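Take a look at the structure set out below.
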Amino acid sequence: MSALPAKPGLRLSVSEWYSRNHQLSATAQHERLISNVIRQDGRSLRNETNCKVGSCAGSTYTTKPVFLHTSWIRHSPIFWLLLFCRRPGMRVTPLSKEQTEQALAATVIPLEVSTECVTLREGRRGCELVIDPVDEQLKKEVDLIGRVQQVLQQHIDKAFEQLSVLQEARHQLTSDLQNKMDTLDIDMSCLSLTIKSPQISLKTNPTRIPSGSSTPQEWLQFSQYNVSRAQEAMQVSQQMREDMSLTRAQLQNELETQRRATEFALRKRNHHEEQARDELEWQIKTTEDEMTEMESDIHGLDTDLQAKTAALKLAHTRLENRTNRPGMDLCRDEVQHGLVTEVNQLEATILALKQKLSEAQHSLQKMKLHHGRMLQDLSRKQEALSLEQRSMNTRTHLTSASCSGKTPVLLVPLTNSSGRSNLQLLAQ
């Protein structure tokens with residue numbers, strides 16, 4: 001899987017926090033009972049005993065071999081084991097494969113949701129673009145889903161190969177069983193013949209050995225080989241089904257654990273961002289109130305400065321006018337000293353007012369700049385909070401998808417290769 005694109009820019013680190021619980025629960029027990037084999041062994045023994053007793057009681061010589069061969073085929077353990085192996089739990093392996101395919105298909109939505117959450121959170125700007133636990137959990141989730149898909153696909157491929165082996169073994173069993181049933185039909189027909197039957201006649205060289213004839217030992221070994229191969233294939237399939245079931249349960253637990261860890265990190269991050277937003281809103285409001293007070297004070301300082309400037313002009317004018325007094329009346333009297341003192345006091349006051357007004361204006365300007373930065377940061381925080389909430393809303397598809405699980409439908413069993421109805425009749 002290709003790496004997710006990362007948005008370039010400055011990223012701030014935050015403390016990592018994550019929680020991950022792993023639960024393993026899997027139970028798979030399959031038992032097979034073949035009591036038919038034991039019962040049919042007993043029937044075969046009774047029939048063979050009755051055959052020997054019947055031959056001593058006066059049955060004709062020509063019917064005895066036919067009956068014995070028919071009884072051996074009909075009541076042979078191999079014959080009934082063939083029937084048993086022809087009807088194994090072959091539906092179970094396709095069903096397990098289908099369940100694994102459904103589990104693989106079910107990972108598409110979580111992968112899309114996780115990728116969309118990563119893409120949404122890449123839309124954060126400025127200082128809000130941080131490497132937080134949510135980023136780490138989302139990346140873990142994407143990697144986990146990719147690993148889950150790979151493991152499930154491997155199991156599906158193995159199940160497909162094993163199904164091919166099972167189908168081949170079933171084909172061999174079905175073909176062998178059909179041949180035995182055809183033989184049984186022929187032997188039963190021979191058994192029904194008597195010396196009065198109209199179908200009997202002399203044949204040319206009836207004692208010849210047909211080409212392709214086998215000995216009873218070869219016949220038994222051939223059937224035993226087919227049965228043993230089918231049993232081995234079924235054992236492998238059973239183990240594979242157990243492995244697939246256990247793997248699905250383990251992977252599902254891992255995905256569920258990771259989903260909860262990611263959503264916990266999202267909720268925690270969302271809570272922290274809400275706290276930061278509320279704090280910033282309070283700071284902005286307090287700063288705006290302070291700016292209003294500062295503007296009022298600046299207006300008062302400016303008014304006082306204008307008033308003191310007007311008073312200074314008056315004092316300057318009086319002093320200048322008194323310089324026009326004639327002769328000895330140009331005296332440095334008490335009025336002169338009072339006006340000089342008043343001018344000095346007014347000049348000092350005006351200087352102090354100007355300094356304070358400059359400081360106030362500078363402070364107001366700094367508050368306005370910081371207020372603008374806070375508004376910009378608030379906008380980014382609200383944007384980031386909106387992206388977090390959209391991510392949380394997007395992840396609701398995961399819980400809705402898990403709650404709407406469908407019951408797997410049983411597959412149609414494979415038909416036999418010959419297509420003849422004799423197999424079904426005998427199975428009944």
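Some notes on this structure:
- Which listed residue is open to solvent by 60 Å² or more (accessible area, probe 1.4 Å), in contact with a helix residue (DSSP H, G or I) (Cβ under 8 Å, 6 or more places away or on another chain), in a helix (DSSP H, G or I) and more than 14 Å from Asn226 (Cβ to Cβ), from Asp157, Asp185: Asp185
- Matching option when the condition is under 15 Å from Thr317 (Cα atoms), among the hydroxyl-bearing types (Ser, Thr, Tyr) and in a helix (DSSP H, G or I), among Thr341, Thr349: Thr341
- Cross-chain or 6+ apart pairs with Cβ under 8 Å, the range 264-288 first and among the hydrophobic types (A, V, I, L, M, F, W, C), then surrounded by 16 or more Cβ atoms within 10 Å (Cβ to Cβ) and not in a helix (DSSP H, G or I): Ala265/Asp132; Leu266/Arg395
- Scanning the range 225-237 turns up no residue that is exposed (fewer than 15 other Cβ atoms within 10 Å of the Cβ) and not in a helix (DSSP H, G or I).
- The listed residue being acidic (Asp, Glu), surrounded by 11 or more Cβ atoms within 10 Å (Cβ to Cβ), assigned to a helix (DSSP H, G or I) and at pLDDT 85 or above, out of Asp289, Asp304: Asp304
The values are calculated or read from the model by the stated rules, or taken from the named source; none is laboratory data. Everything quoted here is computed from the prediction, not taken from an experiment. Every residue, glycine as well, gets a Cβ built from its backbone with ideal geometry; the counts of neighbours run over all protein chains shown. Side chains are part of the model used for accessible areas, which takes the heavy atoms of the whole protein and leaves out ligands, DNA and RNA. Shrake-Rupley method; radii C 1.70, N 1.55, O 1.52, S 1.80 Å.
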